[in-house]
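Structure first, then comments.
The values are calculated or read from the model by the stated rules, or taken from the named source; none is laboratory data. Predicted model, so just to flag it, every value in this text is computed and none were measured. All Cβ positions, glycine included, derive from the backbone under ideal geometry; neighbour counts span all protein chains shown. Just so you know, the surface numbers come from the protein's heavy atoms only, side chains and all, with ligands and any DNA or RNA stripped out. Shrake-Rupley method; radii C 1.70, N 1.55, O 1.52, S 1.80 Å.
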Amino acid sequence: MANPTHENQNQQTALALHNNGITVIPTKPDTSKSPALPWKHYQNHPNTADEIRAWFNPNHPHGYGLAIVTGKNSGNLEMAEIEGKATHHIPEIAQLAQDTGLGDLWAKINNGWVEQSPTGGIHWIYRVDPAIKLPGNTKLARKHNPNGTPRWEVLTETRSEGGYFIAAPTTGDHHTTGRPWVLLNGGPHQTPTLTAAEREQFHTLLSTIGDEEPEQTP
């Protein structure tokens, strides 16, 4: 049975997102993080306030999680993530931004819309100049494990055109850790917009913590 308080929070947040031109979808009431309905339609068509009220109705028998659809249908919205296992690199990324003249860009992004995942990862959410065609989800930095499985671990990546991500205030019932998604700063009303150059610079900063592709041995 859904928790009415949780559903009210999700409904209020989802409606606020909708009012800011952002498309949302519900996720299954389990830890799979999978959409609770066929969602391809919502990659190209915004949802309605009535759909949101139905999905996150306090009397609904299932407690859905809240996910945000990225890309052009949400106003060229993109999310960049650093995994929880890599957040110890954030101070060095911040220092690199200062050393390379990108301190203002780093501040712009961190003073905008920022959330935390259940594993301690950080989600930076921003829009990109609408003249820019966003690519699909992109891995920005990976760590090579020569004797491990998987051989590559993702450290930073994006959710972009054709993607979605779980957002606050989705509860710990939707993650294997039992911890919730948390809003750290801002929200949809405080979404920064990046130029094409700023986006590339930000992604370059996030890519610096990864390993280079190993050279192939003949």
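At 1.4 Å probe size, with the rest of the protein present, what percent of the exposed accessible area of region 91-218 is carbon and sulfur atoms?
48 percent
So what are the ³J(HN,Hα) numbers for region 202-209, from phi and the Karplus equation (6.51, -1.76, 1.60; θ = phi - 60°), rounded to whole Hz, Gly and Pro as x?
Once rounded to whole Hz, the list reads 4, 5, 4, 4, 6, 7, 6, 8.
Does anyone have the angle between helix 90-99 and the longest principal axis of the chain? Alpha-carbon axes, 0 to 90°, nearest 10?
Between the helix axis and the principal axis of the chain, the angle is about 60 degrees.
Taking 8 Å as the Cα distance limit and 6 or more residues as the minimum spacing, I'd like the relative contact order of the chain as a percentage.
Computed value for the chain: 24 percent relative contact order.
Rounded, prolate or oblate: which fits region 34-108 when a ≥ b ≥ c are the square roots of the eigenvalues of the alpha-carbon gyration tensor, with rounded for a/c under 1.5 and prolate only if a/b beats b/c?
Prolate, because a/c is 1.5 or more and a/b exceeds b/c.
From the residues 196, 56, 91, which one has its Cα farthest along the dipole of the chain in the positive direction, the dipole being from +1 and -1 charges on Cβ of Lys/Arg and Asp/Glu about the Cα centre?
Result: 56.
Let me have the 222 nm mean residue ellipticity of the chain computed from DSSP H runs of 4+ only, each contributing -39500 (n - 2.57), with the sum over all residues rounded to the nearest 500.
-7500 deg cm²/dmol
Residue-wise, which Karplus ³J(HN,Hα) couplings in Hz belong to region 20-25, taking 6.51 cos²θ - 1.76 cosθ + 1.60, θ = phi - 60°, and x for glycine or proline?
Once rounded to whole Hz, the list reads 9, x, 10, 8, 10, 9.
Note down the accessible area of residue 23, probe 1.4 Å, to the nearest 10 Å².
Its heavy atoms expose roughly 0 Å² to the probe.
What residues qualify as long-range amide H neighbours of residue 194, i.e. H under 5 Å apart, gap of 5 or more or another chain, H built at 1.01 Å from N?
When sequence neighbours closer than 5 places are left aside, the close amide H contacts are 127, 128, 129.
Putting +1 on Lys and Arg Cβ atoms and -1 on Asp and Glu Cβ atoms, find which of 152, 75, 41 reaches farthest to the positive end of the dipole of the chain.
Working it through, the farthest residue towards the positive pole turns out to be 41.
Counting other Cβ atoms within 10 Å of each Cβ, which trypsin sites (Lys or Arg not before Pro) in region 121-218 have at most 16 and sit in a DSSP loop?
133, 151
Please report the antiparallel percentage of the DSSP beta bridges confined to the chain, to the nearest 5.
Percent antiparallel among DSSP bridges in the chain is about 95.
Can you give the accessible area per residue of the chain, in Å², using a 1.4 Å probe?
49 Å²
Might you report the magnitude of the Cβ-based charge dipole of the chain about its Cα centre, with Lys and Arg at +1 and Asp and Glu at -1, to the nearest 20 debye?
500 debye
For region 1-96, what does the relative contact order come out to in percent, with C-alpha contacts under 8 Å and a separation of six or more?
Once divided by the residue count of region 1-96, the mean separation gives 36 percent.
For region 46-175, what is the charge dipole size about the Cα centre, in debye to the nearest 20, if Lys and Arg each add +1 at the Cβ and Asp and Glu each add -1 at the Cβ?
260 debye
Counting only GluC sites (Glu not before Pro) that are in a DSSP loop and have at most 14 other C-beta atoms within 10 Å, tell me the longest site-free stretch of the chain.
Answer - 1-211.
Match the structure shown to one of the listed values (i) 54, 37, 27; (ii) 58, 40, 31; (iii) 53, 44, 34 of Cα extents along the principal axes in Å, computed from it, and give that label.
Given (i) 54, 37, 27; (ii) 58, 40, 31; (iii) 53, 44, 34, the calculated one carries the label (ii).
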